[in-house]
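Everything on this sheet refers to the single structure shown next.
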Amino acid sequence: MTHPAASHSAAPLPADGVYFRACNLCEAICGLQITVQGGRVTDLRGDPLDPLSHGHICPKGTALPDLHADPDRLKRPLRREGETWTEMDWNEALDYVAARLREVGEQHGADAVATFQGNPSVHNSGTLLSAGSLLKALGSRNRFTATSIDQLPHHFAGTEMFGHPFLLPIPDIDRTDFMLIMGANPLASNGSIMTAPGVQGRLKAIRERGGRVVLLDPRRTESADHATEFHFIRPGTDAYFLLGLLNVIFAEGLERLGHLADVTDGLDAVRSAAAPFSPERVEERTGVAAETLRALARDFAAAPRAVAYGRIGLSIQEFGGLCQWLLNVLNTVTGHLDAEGGAMFTRPAFDLLARAKRGEVHHGRYRSRVRGLPEFDGELPNVTMTEEMTTPGEGQIRALVTVAGNPVLSTPDGAALDRALAGLDFMVSIDPYLNETTRHAHVILPPAFGLEVSHYDATFHLLAVRNTARYSRPVFPIAPDQRFDYQIFLGLTERLTGKAGTVPEQRLDFGLRHGPYRTSVEELDAQPHGVDYGPLQPCFPERLLTASGRLNLAPAPMLADLPRLTAALETAPPPLALIGRRQLRSNNSWMHNTPRLMRGPARCTLQLNPADAGEFVDGQVVEVRSRVGTVTVPLELTDTVMPGVVCLPHGFGHGRAGVRLGVAQQHAGVSVNDLTDTARIDALTGNAAVNGTPVTLHAVAASEAVGESAAD
Ligand SMILES: Nc1nc2c(c(=O)[nH]1)N[C@H]1C(S)=C(S)[C@@H](COP(=O)(O)OP(=O)(O)OC[C@H]3O[C@@H](n4cnc5c(=O)[nH]c(N)nc54)[C@H](O)[C@@H]3O)O[C@H]1N2
Ligand SMILES: Nc1nc2c(c(=O)[nH]1)N[C@H]1C(S)=C(S)[C@@H](COP(=O)(O)OP(=O)(O)OC[C@H]3O[C@@H](n4cnc5c(=O)[nH]c(N)nc54)[C@H](O)[C@@H]3O)O[C@H]1N2
Ligand code: SF4
Ligand SMILES: [Mo]
């Protein structure tokens with residue numbers, strides 16, 4: 001067949017000129033300055049006038065024009081019959097997809113049609129503000145997203161303690177003098193649940209004002225080079241460490257609640273919770289010396305401006321919910337919550353919390369059919385997806401809509417999901433690529449994206465270290481036979497319900513007009529570099545959304561989860577635990593098709609400490625086995641990972657048949673999620689616990705092994 005990118009009408013070229021817009025590839029939302037000449041981008045750099053990013057840009061931002069021009073990118077709908085893909089007209093495709101979804105729903109019930117929304121869904125205002133209409137029209141309880149292999153524990157803690165999933169404390173990095181970072185690597189990730197473009201400069205500024213940056217991680221990461229202090233910590237043991245810090249703080253009477261004293265409940269309960277976890281008791285488990293912990297606790301409590309911040313390393317592990325709770329507790333009892341230089345809350349121009357009511361219930365309203373895991377904020381944990389597809393019975397998933405997601409590579413036991421997708425009655429993917437997941441779709445609906453869409457970052461202005469706003473116009477016009485994401489969502493919704501939905505720009509404008517700064521799309525559009533509303537401000541108790549209007553330091557579900565943590569102290573840790581490695585020139589699973597990001601040595605390697613190597617040598621290809629799968633990957637011996645830990649990046653595994661990713665296929669690598677296990681979860685939140693997965697290493701086609709305990 002003809003190549004789809006080559007076969008349809010051309011888009012009009014953009015006028016020559018300099019364009020300003022925000023990059024929407026990651027949470028940093030950097031301002032960009034883009035020069036177009038003769039229809040091509042001739043220069044792309046950071047916008048020095050952006051009030052948040054001040055000219056910062058990373059290699060992925062530089063690759064935006066490559067994405068735009070990628071010959072593998074899809075622009076018109078594709079329909080699969082067997083292994084053969086053919087193009088469809090948009091109307092024909094939308095009619096067909098709506099009819100098939102309706103048919104499955106009518107035959108098997110609404111829950112038989114599942115949805116999976118992946119990470120770029122929250123990075124596109126078009127999708128963010130219009131996908132909801134389709135979800136509502138489908139009316140299925142089987143809604144899944146990447147949240148439950150990511151930040152679900154943060155939302156859980158926010159809900160239980162402050163009353164809303166999106167009351168997420170953000171480090172006031174520009175005014176702090178002491179930043180404790182656990183399980184985050186902002187030098188690679190560019191910051192997460194901390195929109196802080198140019199984080200390197202912000203960390204440097206802390207050091208230059210005489211402050212401290214203390215990092216704990218099982219791997220001495222790129223970020224360690226920018227810290228004043230680094231300590232290894234064993235994977236999955238952070239909750240013990242945090243309880244150890246609280247233990248010292250209470251034992252030595254260092255607690256202070258500051259302006260929150262009169263609105264905080266549960267101080268005595270957290271004091272009792274921390275009492276059994278002396279520094280000496282947790283030292284052996286965490287690998288952090290008791291004296292180090294004790295000194296850190298004292299200094300953190302004494303510092304006038306300090307913040308504890310923990311990200312995905314503290315979330316995608318077996319005690320993610322406890323970790324995120326304990327981080328908030330630590331900040332609160334040392335007077336560092338809702339305080340300058342501490343963990344603060346934003347006031348975004350478009351406020352996703354604007355319509356939130358006090359005391360709303362956000363989780364546990366229903367459960368997954370097979371395993372009985374509770375819903376959170378209208379979603380079920382994605383570890384249940386495969387079993388819901390393969391276990392017969394009423395409510396079994398028979399059709400799937402994927403939106404901006406690649407769960408075959410991004411969710412645990414992706415190989416099992418891969419097989420399950422092949423058995424669905426119908427699948428549609430709203431996605432610009434034919435990749436490891438969308439190859440199973442019967443229809444792919446590719447939206448315009450990147451430099452072609454307007455954008456306002458409704459999500460990440462809410463999670464930013466400063467209150468700013470920036471509206472972006474598209475740079476490139478689209479061709480007559482392309483569609484925007486919202487046109488796809490509203491087109492399907494209209495066919496399913498007979499009702500036309502609201503276009504995102506209207507929703508955005510309404511939100512901006514009713515937001516705290518009473519602005520509008522028009523007003524922001526006139527300020528192409530963005531608008532600055534200043535640093536974060538204390539906002540408790542006004543912004544608290546708990547039923548009581550008070551801050552709950554000791555929510556019952558958290559206290560009830562502590563015995564699980566204590567019991568785990570009695571079981572032996574695995575000899576080899578697997579962790580992930582995010583890379584600056586990757587974006588989860590989907591930017592490996594960009595030549596400029598793939599230069600240099602192969603990156604999908606398994607890092608192992610030389611002390612654990614036995615007979616294995618650097619560069620040797622080894623077999624890594626877990627309970628659910630095996631991958632074969634080259635070893636990289638390095639003392640940057642702690643003994644007992646192996647580290648493999650996620651998002652690779654492009655060697656599967658039938659994908660159309662010319663460059664990525666040459667750098668295929670293996671998928672770490674062929675090793676991770678849907679049975680490993682944080683029992684408190686239902687989040688996937690991919691980090692800490694026990695693995696063993698084997699010479700290819702031989703019997704010797706590293707990592708097998710005597711009991712195996
Ligand atoms: N083992 C392990 N697994 C992990 C992680 C880990 O650290 N370790 N990290 C987890 C995390 S934090 C996340 S967020 C997930 C990410 O995993 P997913 O949510 O599955 O997201 P991606 O892998 O980034 O895949 C994005 C998909 O969206 C498509 N896409 C890109 N831009 C657009 C767009 O503008 N519109 C549409 N419609 N589609 C678009 C891409 O083609 C691709 O198919 O992975 C998780 N998986
Ligand atoms: N370049 C690039 N940027 C990205 C992404 C990307 O794929 N590429 N993805 C984006 C997304 S979707 C997200 S969610 C963010 C994530 O942003 P971050 O959370 O900053 O991401 P990571 O680099 O995975 O950092 C997690 C760290 O936790 C460590 N870790 C693993 N297990 C444990 C543990 O048990 N305890 C402790 N203390 N540490 C542990 C890992 O070694 C790693 O250094 O990044 C975003 N930014
Ligand atoms: S840090 Fe993120 S937002 Fe900034 S240029 Fe890179 S990918 Fe884009
Ligand atoms: Mo993520």
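The values are calculated or read from the model by the stated rules, or taken from the named source; none is laboratory data. In this text, all values refer to a predicted model and were calculated from it rather than measured experimentally. A quick note on method: Cβ atoms are made from the backbone with ideal geometry, for glycine too, and the neighbour counts reach across all protein chains shown. The accessibility values were calculated without ligands, DNA or RNA, using every heavy atom of the protein model including side chains. Shrake-Rupley method; radii C 1.70, N 1.55, O 1.52, S 1.80 Å.
Which net charge results for the neighbourhood of H108, defined as the other residues with beta-carbon distances under 12 angstrom from its beta-carbon, given Lys and Arg at +1 and Asp and Glu at -1?
-3
Note down the Stokes-Einstein diffusion coefficient of the chain in µm²/s, whole number, using a Kirkwood radius over alpha carbon pairs, 10 °C, and 1.306 mPa s. Can you show the working numbers first?
Details: Rh = 26.0 Å.
Translational diffusion coefficient: 61 µm²/s.
Rank these residues by their accessible area, most exposed first, probe 1.4 Å: F20, F178.
F20, F178
Report the full-extension gain for the segment V503 to R207: residue separation times 0.36 nm, less the Cα-Cα distance, to one decimal in nm. Write down the numbers at each step before the final one.
On the way: separation 296, 0.36 × 296 = 106.56 nm, distance 4.59 nm.
Length gained between V503 and R207: 102.0 nm.
Ordered by packing density, taken as the mean number of other Cβ atoms within 10 Å over each peptide's residues, highest first, how do 505-515, 21-31, 204-214 rank? Mind dumping the intermediate values first?
Working: 505-515: 18.0, 21-31: 25.6, 204-214: 15.5.
Order by mean packing, descending: 21-31, 505-515, 204-214.
Any idea of Y366's accessible area? Nearest 10 Å², probe 1.4 Å.
Rounded to the nearest 10, that gives 40 Å².
State in Å² the accessible area per residue of the chain; use a 1.4 Å probe, count heavy atoms of protein chains only, and round to the nearest integer.
Working: 25320 Å² over 712 residues.
It amounts to 36 Å² per residue over the chain.
Take the solvent-accessible surface of the protein heavy atoms, probe 1.4 Å, and return the percent of it on the chain that carbon and sulfur atoms account for. Mind dumping the intermediate values first?
Working: 12840 of 25320 Å².
After summing per-atom areas, the C and S share lands at 51 percent.
Just want the answer: with Cβ charges of +1 for Lys and Arg and -1 for Asp and Glu, which residue in P279, H226, G61 is farthest toward the dipole's positive end in the chain?
Going by the charge dipole, the pick is G61.
Which value, in Å² and to the nearest 10, is the accessible area of E252 when all protein chains are kept and the probe is 1.4 Å?
80
When you count, for each residue, the other Cβ atoms within 10 Å and take the mean per peptide, how do 59-69, 326-336 rank with the highest first?
Top of the packing list down: 326-336, 59-69.
Quick one: accessible surface of Y19, probe radius 1.4 Å, all protein chains present, in square angstrom to the nearest 10.
That residue has around 50 Å² of solvent-accessible surface.
Round to the nearest 0.05 the FRET efficiency obtained for E83 and A602 when R0 = 30 Å and r is the Cβ-Cβ distance. Display every interim value, and only then the final one.
Details: r = 29 Å, r/R0 = 0.97.
For E83 and A602, the calculated efficiency is 0.55.
Calculate, in nm to one decimal, what L559 and E340 gain on full extension: separation in residues at 0.36 nm each, minus their alpha carbon distance. Intermediate results must be reported in sequence, preceding the final value.
Numbers: separation 219, 0.36 × 219 = 78.84 nm, distance 2.89 nm.
Separation in residues times 0.36 nm, less the Cα-Cα distance, equals 75.9 nm.
About the Cα centre of the chain, how large is the charge dipole given +1 on each Lys and Arg Cβ and -1 on each Asp and Glu Cβ? Please answer in debye to the nearest 20.
For this selection, approximately 920 debye.
Around L684, under 11 Å between beta carbons, what's the net of Lys plus Arg minus Asp minus Glu among the other residues?
Working: positive: R564; negative: E160, E318, D561, D682.
Residues near L684 contribute -3 overall.
Please list 544-555, 255-266, 162-173 highest first by mean number of surrounding beta-carbon atoms within 10 Å per residue. All intermediate terms of the calculation are to be shown ahead of the outcome.
On the way: 544-555: 18.8, 255-266: 15.5, 162-173: 24.3.
In decreasing order of mean packing, 544-555, 255-266, 162-173 become 162-173, 544-555, 255-266.
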